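The values are calculated or read from the model by the stated rules, or taken from the named source; none is laboratory data. Quantities reported herein were computed from a predicted structural model and do not represent experimental measurements. For neighbour counting, all protein chains shown are included, and Cβ atoms are generated from backbone atoms with ideal geometry for every residue, glycine included.
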């Protein structure tokens, strides 16, 4: 009743492919509770195997049953993860059926919030994400198994699961690419297995003999070819990430930005793996549990010697807090050509010229010192408001930058002095008040009371912000290993009154919330700290471990001014008086201009690369090999792969056959390409006569091959003594057969037109 035509090994390969997809999603850890994907996949494979094996069962009926089973199974599995999202007290005494009903109710509530285009609850969205991923993986597992069992279709098994894997890994760190390699290994072996199953079926139908151990030989050779192809593919993409292909990929992914923003609204607190591992901050930045930063090199920054050295390298600014994390909501996107000015030249700001060299692939979001103004490449900037799009939230390069590529930027760095900031008495612009003083209702009243208590006795904005900064540096202990925030709790309230430990995300979040509670417009900025100074090149090197967030406070007339509430970082040194600020400004009165096509010379690029130790170089993405050599290696690998597959597909299945069986099998195979498959009632002689009618000039060779096959097959006369003659006949027949196949194929193509 349940016996796959392609063999049990094909079911094992399909299951391994699908488990690879599930494990890749689990290891990224988008939300808690994703461990249920593994049983969901195994259940989907089992249902696909059982239903697909029943040839009498209509496909529509089988698919309907699979959807019903998938919904029930997914809801059941999701109910086992409720403790990750709901308070334990609310689940006490609930039966399994009642918990499944609670999953249903949460999904309907989430759907109602989603349709109203409003904010959704984070805990509810996370449970729905687990539920939808479970159902999706179930359906993919069922569909892939169905195609293999019912149709022996390799494409039907690989395309759905492969698309899911690539989509997940596209947003995951590069270190998870090992899952892709294992998936491809299973997929290539499955290709061999399904092809062999199709050939064996045809040979049995045509009564062509074959060796009993052909299955083992096929799988062995397929494994070797798969390993070679994957090994070659693993080392070649380094040179394929630039040029027109990269630009096309960027345009395709960039065109989906609206859909991505909608997805981020529906699932606002996914654990995007961006801290210390990527080159971009998305529109949302949730506040989660512990973090573990690596040591890979992200970029080098060389700063003009006449200007102040930036303390931070900003990637994005976030304006909205919802109790569980941060998000940014740009009002518009501004396209800027090279040299276009973005930032407003506020008082006591000076231009700082930087040359950034990225060590990551396909860098889009650009690193720059705070308040970026000009770039040497065409950019698109997200802005939050203000005159002339002055409120820059993030800047993207129009074309993604390849690994090792450089660009220049000018930022308007603030050198505002303490005395001037204390004297600010102007009212904030309306766009600043509306965007940067808002707090959600999730913030408890005791947080506002604490802000008032900390700032009591202060008479100006700078002193109030400084008081909050000093309080947080003493009240919260720095730790990258903290508890997971409780579901439904405001994160700032939790870290201030319960956990009292955290890292920069929590320090800066608490600073901004406390500042807004007393009327100070503030926001959170994300990017990288200053990094280490490389003596040999003079550059500042940023690694994953330098990923950082800090706070920015708006001062009318002076713009955004940075504050550092994180206890592990040193306080920001500021000029104490206008005279000191003026001295700093004079030191950078004539900064060098940014040229449109100016980048670091080749010798400087080499100098910037040399200080990398081997481990760091490997972490930064590997050696920068000559793209032409990599292209050549890729072409050679492709040729070798095609040749290997040709060997497996053509010659290997015919080994073990006698000379007459082998010659006749080759003759039938090529004849089938002519559209002349042997009929169910054809004798070998009758089939040979039909083919000889197309190429009469080779009637003798056809008669030799068919006669030897009939004598051996039915007269039990061995053909070993005629091996040389049969080989000569096949070689004489081979070229006319291929020529006839080409001629007939072209004729059919013209008739279709």
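Restricting 191, 197, 164 to residues that are buried (at least 18 other Cβ atoms within 10 Å of the Cβ), modelled with pLDDT under 80 and part of a helix (DSSP H, G or I) narrows the list to 197.
Okay, residues lined up against (1) buried (at least 23 other Cβ atoms within 10 Å of the Cβ); (2) part of a loop (DSSP other than H, G, I, E, B); (3) modelled with pLDDT under 85:
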residue	(1), (2), (3)
347	no, yes, no
352	yes, no, no
356	yes, no, no
361	no, yes, yes
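Every listed requirement among (1) within 28 Å of residue 585 (Cα to Cα); (2) buried (at least 19 other Cβ atoms within 10 Å of the Cβ); (3) modelled with pLDDT under 85 is met by residue 461 save one, (3). For residue 435, indicate whether it is outside the structural domain of residue 32 (by TED's automatic domain parsing), within 28 Å of residue 289 (Cα to Cα) and either without any contact (Cβ under 8 Å) to a residue 40 or more places away in the chain or not in a strand (DSSP E or B) (or both). For residue 435, the condition - outside the structural domain of residue 32 (by TED's automatic domain parsing), within 28 Å of residue 289 (Cα to Cα) and either without any contact (Cβ under 8 Å) to a residue 40 or more places away in the chain or not in a strand (DSSP E or B) (or both) - is met.
Could you please let me know if residue 736 is more than 20 Å from residue 208 (Cα to Cα), modelled with pLDDT of 80 or more and out of contact with any helix residue (DSSP H, G or I) (no Cβ under 9 Å at 6 or more places or on another chain)? Spelling it out, it is not the case that residue 736 is more than 20 Å from residue 208 (Cα to Cα), modelled with pLDDT of 80 or more and out of contact with any helix residue (DSSP H, G or I) (no Cβ under 9 Å at 6 or more places or on another chain). The numbered conditions (1) touching a residue at least 12 places away in the same chain (Cβ under 8 Å); (2) outside any loop (DSSP other than H, G, I, E, B) are all true for residue 484 except (2).
Residues in the range 363-382 that are part of a strand (DSSP E or B) and more than 16 Å from residue 404 (Cβ to Cβ): 365, 368, 372, 373, 374, 375, 379, 380, 381, 382. Scan the range 464-476 and tell me whether some residue there is part of a loop (DSSP other than H, G, I, E, B) and touching a residue at least 12 places away in the same chain (Cβ under 8 Å). Yes: the range 464-476 contains one or more residues that are part of a loop (DSSP other than H, G, I, E, B) and touching a residue at least 12 places away in the same chain (Cβ under 8 Å). In the set (1) closer than 30 Å to residue 108 by Cβ; (2) touching a helix residue (DSSP H, G or I) at 6+ places or on another chain (Cβ under 8 Å); (3) surrounded by fewer than 24 Cβ atoms within 10 Å (Cβ to Cβ), residue 132 fails one condition alone, (2). What about residue 125, is it part of a helix (DSSP H, G or I) and either surrounded by fewer than 15 Cβ atoms within 10 Å (Cβ to Cβ) or without any contact (Cβ under 8 Å) to a residue 24 or more places away in the chain (or both)? For residue 125, the condition - part of a helix (DSSP H, G or I) and either surrounded by fewer than 15 Cβ atoms within 10 Å (Cβ to Cβ) or without any contact (Cβ under 8 Å) to a residue 24 or more places away in the chain (or both) - is not met. Within the range 409-417, is there a residue that is assigned by TED's automatic domain parsing to the domain that holds residue 581, surrounded by fewer than 20 Cβ atoms within 10 Å (Cβ to Cβ), at pLDDT 90 or above and out of contact with any strand residue (DSSP E or B) (no Cβ under 9 Å at 6 or more places or on another chain)? Looking for residues that are assigned by TED's automatic domain parsing to the domain that holds residue 581, surrounded by fewer than 20 Cβ atoms within 10 Å (Cβ to Cβ), at pLDDT 90 or above and out of contact with any strand residue (DSSP E or B) (no Cβ under 9 Å at 6 or more places or on another chain), one finds none in the range 409-417, hence no.
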